[in-house]
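The values are calculated or read from the model by the stated rules, or taken from the named source; none is laboratory data. These numbers come from a predicted model, not from an experiment. For neighbour counting, all protein chains shown are included, and Cβ atoms are generated from backbone atoms with ideal geometry for every residue, glycine included. Accessible surface areas use protein heavy atoms only, side chains included; no ligands, DNA or RNA. Shrake-Rupley method; radii C 1.70, N 1.55, O 1.52, S 1.80 Å.
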Amino acid sequence: MNSAATSAIPTRTRIDACPGALQTHPAADGGLARVRVSGGSLRAGQLRALAAAARELGNGSLELTSRGNVQLRGLAVGTETELGDRLAAAGLLPSATHERVRNVLASGLSGRTAGGHVDVRPWAAALDAGLCADASLAGLPGRYLATLDDGRGDVAGLGGDVGLLALSPTSVALLLAGRDSGLRVDPAGAVVLALAATRAFLAERDAQGTGAWRLAELTDGREQVTARLSGQRGHCGRPVGVPAPPVNGPVGALPQLDGRTALAALVPLGVLSAAQAELLAGLAPEVELTPWRTVVVPDLTEDTVDDAAVDLHRSGMVFDEASPWRLVTTCAGRPGCAKSLADVRADAAAAVVGGTLPAGGARQHWVGCERGCGRPHGAAVDVVATPAGYRIGRD
Ligand code: SF4
């Protein structure tokens, strides 16, 4: 049951200004476009298209988000149409009407490395296609999130409105608002059930007469959506706990089931330069973006993996599990956010490079004001810009 505090949020009055690729946000440093990368998989040509757009229309960098999406910043007024045309040509805009709701997080390396029960890559493609094919689902909030976890427990706990968690090669749990609904389905029917749950969320939202952005904001949302699914495909099972997500994704060389290697690299502070994106695009036909601001280059052969690692490391990406870069996240800060009192990215980077991270090097999130945007799961300390300098806050 949702708390009274949650259900008391005056959601009806809120405007869903979640940015998209077409509905850009006017940030302090220019237009901000968020490009959904459903399932986290980007083909090399798409990465090149994003790099070119960042270089020619934006500030020259791509921001990786905690939902595995990509943002372009510093877009000049009037470039929205050209950006949309470029993204559509690259296959990054399969539906102009649904572009903001294609938020699908899938287990990284699913089907490639050990740890999962099923390969969720086909689920990601099918769910994305199913979302885009249903005109009514264009009405989902831009904050809607679906998680597809192959059983390794990396994304199930990231708070999806609707989620699938493989419990075995033959059984999948439907998650609602990040918890087990008790509904079970076989892998072949899992996407159909997830789409039905998504429609039920929208229907319940309409029935409650609210503009809720998340299923968790609805009164008894999980129970009401589960009830709406009675008679749908699936059966009931004993509820299971949802695994807590890891604080960081893996980095380094990861052995694949087929004998090849995947390289996972952290992108410091989630800012990927156009040059780095082009470098990645030259290494493999596709790469995977993760919620931990890492990029995975899969399917490398033994004779290519070392050179790839050297090139990526030289470009500034991080493979060291003990690197202080893995301890630090930031909000946008200056110059992107008008509310910010500091260039938190520059200050955090200087602290990492200078070995002067505060709070004894605890896992920390730097923000430009008290609003504290983007605090990730697992941050122990907030480093908050104030008029008097940075303040360290703890949980
Ligand atoms: S925490 Fe403050 S400075 Fe940072 S993005 Fe949010 S509003 Fe802007």
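Of (1) over 18 Å from Arg293 (Cβ atoms); (2) charged (D, E, K, R); (3) crowded, with 24+ Cβ neighbours inside 10 Å, Arg48 satisfies all except one. Which?
Failed condition: (3).
From Arg12, Arg67, Arg55, which residue is modelled with pLDDT of 95 or more and open to solvent by 30 Å² or more (accessible area, probe 1.4 Å)? Before the answer, list the steps.
On the way: Arg12 fails: modelled with pLDDT of 95 or more; Arg67 fails: modelled with pLDDT of 95 or more.
It is Arg55.
So for segment 296-316 (the condition being in contact with a Gly (Cβ under 9 Å, 6 or more places away or on another chain), open to solvent by 20 Å² or more (accessible area, probe 1.4 Å), within 16 Å of the ligand (Cβ to nearest atom) and more than 23 Å from Ala275 (Cα to Cα)), does at least one residue qualify?
no
Leu312 versus (1) under 21 Å from Leu72 (Cα atoms); (2) in contact with a strand residue (DSSP E or B) (Cβ under 7 Å, 6 or more places away or on another chain); (3) in a helix (DSSP H, G or I): which is the lone unmet condition?
Going through (1) under 21 Å from Leu72 (Cα atoms); (2) in contact with a strand residue (DSSP E or B) (Cβ under 7 Å, 6 or more places away or on another chain); (3) in a helix (DSSP H, G or I) one by one, Leu312 breaks only (1).
When you scan segment 109-161, how many residues do you find that are under 13 Å from the mean Cα position of the chain (by Cα) and more than 16 Å from Arg36 (Cα to Cα)?
Taking segment 109-161 and keeping what is under 13 Å from the mean Cα position of the chain (by Cα), we get 142-148, 154-160.
When the remaining residues are screened for being more than 16 Å from Arg36 (Cα to Cα), the result is 154-159.
Qualifying residue count, segment 109-161: 6.
Here are Val172, Val155: which of them is closer than 14 Å to Gly116 by Cβ, in contact with a Leu (Cβ under 6 Å, 6 or more places away or on another chain) and not in a loop (DSSP other than H, G, I, E, B)? Explain how you work it out, then say what you get.
Details: Val155 fails: not in a loop (DSSP other than H, G, I, E, B).
Answer to the selection: Val172.
Select, from Arg222, Arg238, the only residue that is open to solvent by 60 Å² or more (accessible area, probe 1.4 Å) and among the basic types (Lys, Arg). Outline the logic, then answer.
Details: Arg222 fails: open to solvent by 60 Å² or more (accessible area, probe 1.4 Å).
Result: Arg238 is the single residue among Arg222, Arg238 that is open to solvent by 60 Å² or more (accessible area, probe 1.4 Å) and among the basic types (Lys, Arg).
Given Ser3, Ser7, which one is surrounded by fewer than 21 Cβ atoms within 10 Å (Cβ to Cβ), touching a helix residue (DSSP H, G or I) at 6+ places or on another chain (Cβ under 8 Å) and either at pLDDT 95 or above or not charged (D, E, K, R) (or both)?
Values: Ser3 fails: touching a helix residue (DSSP H, G or I) at 6+ places or on another chain (Cβ under 8 Å).
Of the residues listed, the single one that is surrounded by fewer than 21 Cβ atoms within 10 Å (Cβ to Cβ), touching a helix residue (DSSP H, G or I) at 6+ places or on another chain (Cβ under 8 Å) and either at pLDDT 95 or above or not charged (D, E, K, R) (or both) is Ser7.
Please name all residue pairs, on different chains or six or more residues apart, with Cβ atoms under 8 Å, provided the first residue is in segment 199-210 and is closer than 9 Å to Val225 by Cα and without any contact (Cβ under 8 Å) to a residue 40 or more places away in the chain and the second residue is in a helix (DSSP H, G or I) and of a type in the set (Gly, Ala, Ser).
So the pair list comes out as Glu204/Gly221.
Here is a check on your reading of the model: is Glu82 among the acidic types (Asp, Glu) and closer than 27 Å to Pro245 by Cα? Talk me through it step by step, then tell me what you get.
Values: among the acidic types (Asp, Glu): yes; closer than 27 Å to Pro245 by Cα: no.
Considered against the rule, which asks whether it is among the acidic types (Asp, Glu) and closer than 27 Å to Pro245 by Cα, Glu82 comes out as no.
Got a number for residues in segment 181-195 being in contact with a Lys or Arg (Cβ under 9 Å, 6 or more places away or on another chain), open to solvent by 10 Å² or more (accessible area, probe 1.4 Å) and under 18 Å from Cys132 (Cα atoms)?
Selection size over segment 181-195: 1.
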